[in-house]
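The structure under discussion appears below in the form of structure tokens.
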Amino acid sequence: MKANGADRKRLTRGIAESETSPAWAPDGGQSVSEGHKTASDFGVYVINAEGSHETRLSVPSEWWADPSWSPDGTRIVVADSGATPGIYVVKAGGSSLKRLTTEDGAAVPAFSPDGASMLFRGRQGVAVMNADGSHPRDLGGGNHPIGSPDGQQIAFDREGADNSRQIVVMHADGSTPVMLTEEWARAMHPTWSPDGTLIAFVSTREGESEIFVMNADGSNPVNVSHRLGDDERLAWSPLSRQ
């Protein structure tokens, strides 16, 4: 849909409530997501932006999740929770699979804007490593980290009191975290607009889990989904703010 919630279009045809974690290719021509096409067929799929030519990237034995593209569009990084868990990178066509970490529970990987490093959720929370898997280090508690387009900040969600979650932004080195959303609601899955001025996220601030867009400083949150259902794990098109 557009950033204001207009012109919604269904792209996939899996079983109900089974597809999630979409991510756009850098040129906006394709997206990748995880989901079930039948009750037993789970995998990661690449699809053209208008919903055509959906192809499976993973094989049935690979429990891939949380796919994300490299900035040059040649690779996709995923988390695997199967027999050999960890974070993997694979060419966009599905070849040359490489395991980057062996940590059980590592998830939601995402390349930095320059492709030199990778954010992910580790045992201690938000973590970062070099794009080849070397030099992993923890940056602080949190989940679903995503770097700003200029590479200077990281947005993520963090647990609070009474089952709440908040959107937090910090410097790329993990310093100076600032909470952007209310302490009492559940706010999750932040994603930056291409120009870095807006953050879209999912929140229960109006009761249901819905999609909101706010300024990057946390001001002026606006509901753009208006009770579509149990919304989660959104992604912003790289082409424009629309």
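The values are calculated or read from the model by the stated rules, or taken from the named source; none is laboratory data. Note that the structure is predicted; figures quoted are calculated from it, not measured. Positions of Cβ are generated from backbone atoms using ideal geometry, with glycine treated the same way; all protein chains shown enter the neighbour counts.
Structure data summary
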{"read-out": "Hits in the stretch 188-230 - residues which are assigned to a strand (DSSP E or B), over 16 Å from the mean Cα position of the chain (by Cα), surrounded by fewer than 20 Cβ atoms within 10 Å (Cβ to Cβ) and of a type outside the set (Ser, Thr, Tyr)", "value": "Arg205, Glu206, Glu208, Asn215, Val222, Asn223"}
{"read-out": "Condition broken by Gly140, with the remaining ones in (1) modelled with pLDDT under 95; (2) closer than 28 Å to Leu57 by Cα satisfied", "value": "(2)"}
{"read-out": "Yes/no for Ala110 being within 14 Å of the chain's Cα centre (by Cα) and in a strand (DSSP E or B)", "value": "yes"}
{"read-out": "Whichever residue in the stretch 152-163 is at pLDDT below 95, surrounded by fewer than 18 Cβ atoms within 10 Å (Cβ to Cβ) and not acidic (Asp, Glu) and, among such residues, is nearest to Ala187 (Cα to Cα)", "value": "Asn163"}
{"read-out": "Number of positions in the stretch 113-156 that are assigned to a strand (DSSP E or B), free of Cβ contacts under 8 Å to residues at least 24 places away in the same chain and closer than 15 Å to Ser70 by Cβ", "value": "2"}
{"read-out": "Single match in Ala131, Ala106 (criterion: under 24 Å from Asp195 (Cα atoms) and in contact with a strand residue (DSSP E or B) (Cβ under 6 Å, 6 or more places away or on another chain))", "value": "Ala131"}
{"read-out": "Boolean, Ala187 is hydrophobic (A, V, I, L, M, F, W, C) and without any contact (Cβ under 8 Å) to a residue 60 or more places away in the chain", "value": "yes"}
{"read-out": "Positions within the stretch 28-41 being at pLDDT 75 or above and assigned to a strand (DSSP E or B), in sequence order", "value": "Gln30, Ser31, Val32, Ser33, Glu34"}
{"read-out": "Number of the condition not met by Leu234 [criteria: (1) more than 19 Å from Ala110 (Cβ to Cβ); (2) touching a His at 6+ places or on another chain (Cβ under 8 Å)]", "value": "(1)"}
{"read-out": "Residue count for the stretch 165-184, restricted to those that are buried (at least 16 other Cβ atoms within 10 Å of the Cβ) and at pLDDT below 90", "value": "1"}
